[in-house]
Each structure stands twice: as C-alpha cells, then as structure tokens.
C-alpha cells in the first residue's frame, strides 16, 4: 500500500513539475501557458482589440476589423444629469450644406434642404455660446481651451491665432485667417466652422465633443480681445462681449 502511495506521489510530483516547466516561455513578454483563459479574457467583443490574432491563432478575415462600431444614427450618449451639460451635448441643430458631402467628406449626415451654400452658417451667427463663462470657471475653461487648441488647431492657426502655424510657415497650407480679423463672427459661426469645417479646414465633430468645441470658441475669443473673459473683483465681466450673461440655448426641434 505504501509502495503504491509512493508511486502515485512521485508521479504527481513529476506531473506538477512538468506542468510548471511547460508553462514557462522563453519569450520575456509572455505570461506563460494559460490554463483558464476564460477567467481573465472576456468572451465579449471588446473595443480597440484586433481579433485577427487571438491566443496565437490567426484569422485573416478579422484582421484590421474595427471592433468599436459607430452607434446607430441619432442615438445620444448619457452625459449625466446636469441640465446645462446635457443641453449642450444634444445633437447639433444646424445642418451642413449638401456640398459638404464632397468638399469635406461628410457622409451619413442630414444635410440642409436650403440650397444656399452658407445658409445654415449664416443662421448660426445668432447662436450664443451655451457654455457659461464666469469668474469662477474662466481659468479652467481657458486652460482646457489652450490644451485643445494646441492639440487640434495650433499647427495651422499658430500659437497666437494669427494663422502662422507650422503647416503654414512650411508652405504646406495657405490662406489660414488671423482670428483678430474675424471679430464680427458670431459664437455659432465659429462653432459651425469647427464642427463641420470651413473652406480648406476639415470638420472636427468626430474628434471633439460639443462642450470641447464651445470651449475652443471661448479660447478663440481671447485671441480677438485680450480682455475677453476677465472679471472685476466683484465678479462682473470687464468685457461686455463676454458670455457671462448668456443663458443655455435649447436646440431647436427639427
């Protein structure tokens, strides 16, 4: 009986030792043999994962296939319960010109029915920035605006918003305006231009959300007037053009 027990114990020890050794890999980046992969690998489809290679198995049909799919048209993500944020993030009520399908690569959009090319852009001149700028949040808004501008705009518009960014000075692009010469533009027109694109500039709706674009509108205003967004000790706006008195604008129903 003891002999049989010893044989079983020895065989078990050999099996465990072999299992440990075979679970190792010469690849320093390898986690080793996976005994229970379903315990830590989700069976559900995950975003931003290339399923062309899973656990060493190559599937040519799945290579470079996007797993993060575009949500159905007209769906609205959840943006919390803050009324101002929710209203700001609702679908944009201004539509692009039908020509934008070819000039700016806009596909799947609802286009303006008015055949005048700049009709919606001109209508946007009456839209006020719904992102309330106050003495308490102005520093944070301009800080965020600077970050967004550096990442998305500065390469063409320049650090000072004068239209002399690296892409312009290198000769790659031309005709980028100086923001100081565009003081008559309405908040909504600046938003519209960033959202859908304008002239040679492409649209940024796919990479910036509406709150971020309205933040950039504030930042652009600072280029046009250095006093924009500054406040006195009692919190009053020093510049009457500041949006401290702007109320949240509910998008018009289509």
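The values are calculated or read from the model by the stated rules, or taken from the named source; none is laboratory data. The structure displayed is predicted, hence computed values, not measured ones. So basically every Cβ, Gly included, is an ideal-geometry build from the backbone, and we count neighbours across all protein chains shown.
Filter the range 161-177 for residues that are under 25 Å from residue 125 (Cβ atoms) and within 25 Å of the chain's Cα centre (by Cα) and give the result.
First, the residues of the range 161-177 that are under 25 Å from residue 125 (Cβ atoms): 161-163, 175-177.
Hits for the range 161-177 are 161, 162, 163, 176, 177.
Going residue by residue through the range 190-198, is there one that turns out to be crowded, with 16+ Cβ neighbours inside 10 Å and over 24 Å from residue 87 (Cα atoms)? Yes, there is a match, as at least one residue in the range 190-198 is crowded, with 16+ Cβ neighbours inside 10 Å and over 24 Å from residue 87 (Cα atoms). Only residues that are surrounded by fewer than 18 Cβ atoms within 10 Å (Cβ to Cβ) and within 20 Å of residue 168 (Cβ to Cβ): list them for the range 199-209, please. Hits for the range 199-209 are 199, 200, 202.
Out of the range 168-197, which residues are without any contact (Cβ under 8 Å) to a residue 60 or more places away in the chain and closer than 18 Å to residue 97 by Cα? Let's see the steps before the verdict.
Within the range 168-197, the subset without any contact (Cβ under 8 Å) to a residue 60 or more places away in the chain is 168-184, 190, 194.
190, 194 - these are the residues of the range 168-197 that are without any contact (Cβ under 8 Å) to a residue 60 or more places away in the chain and closer than 18 Å to residue 97 by Cα.
Evaluate the range 140-160: report whether one residue or more is over 19 Å from the mean Cα position of the chain (by Cα), assigned to a loop (DSSP other than H, G, I, E, B) and crowded, with 18+ Cβ neighbours inside 10 Å. Checked against the condition, which is being over 19 Å from the mean Cα position of the chain (by Cα), assigned to a loop (DSSP other than H, G, I, E, B) and crowded, with 18+ Cβ neighbours inside 10 Å, the range 140-160 yields at least one hit. No other residue among 51, 131 is over 17 Å from residue 192 (Cα atoms) and in contact with a helix residue (DSSP H, G or I) (Cβ under 7 Å, 6 or more places away or on another chain) apart from 51.
Within the range 109-127, does at least one residue satisfy the condition of being farther than 22 Å from residue 217 by Cβ and part of a helix (DSSP H, G or I)?
no
Taking residue 188, is it touching a helix residue (DSSP H, G or I) at 6+ places or on another chain (Cβ under 7 Å), outside any helix (DSSP H, G or I) and assigned by TED's automatic domain parsing to the domain that holds residue 200?
Working: touching a helix residue (DSSP H, G or I) at 6+ places or on another chain (Cβ under 7 Å): yes; outside any helix (DSSP H, G or I): no; assigned by TED's automatic domain parsing to the domain that holds residue 200: yes.
For residue 188, the condition - touching a helix residue (DSSP H, G or I) at 6+ places or on another chain (Cβ under 7 Å), outside any helix (DSSP H, G or I) and assigned by TED's automatic domain parsing to the domain that holds residue 200 - is not met.
What about residue 185, is it surrounded by 17 or more Cβ atoms within 10 Å (Cβ to Cβ) and within 19 Å of residue 229 (Cα to Cα)?
yes
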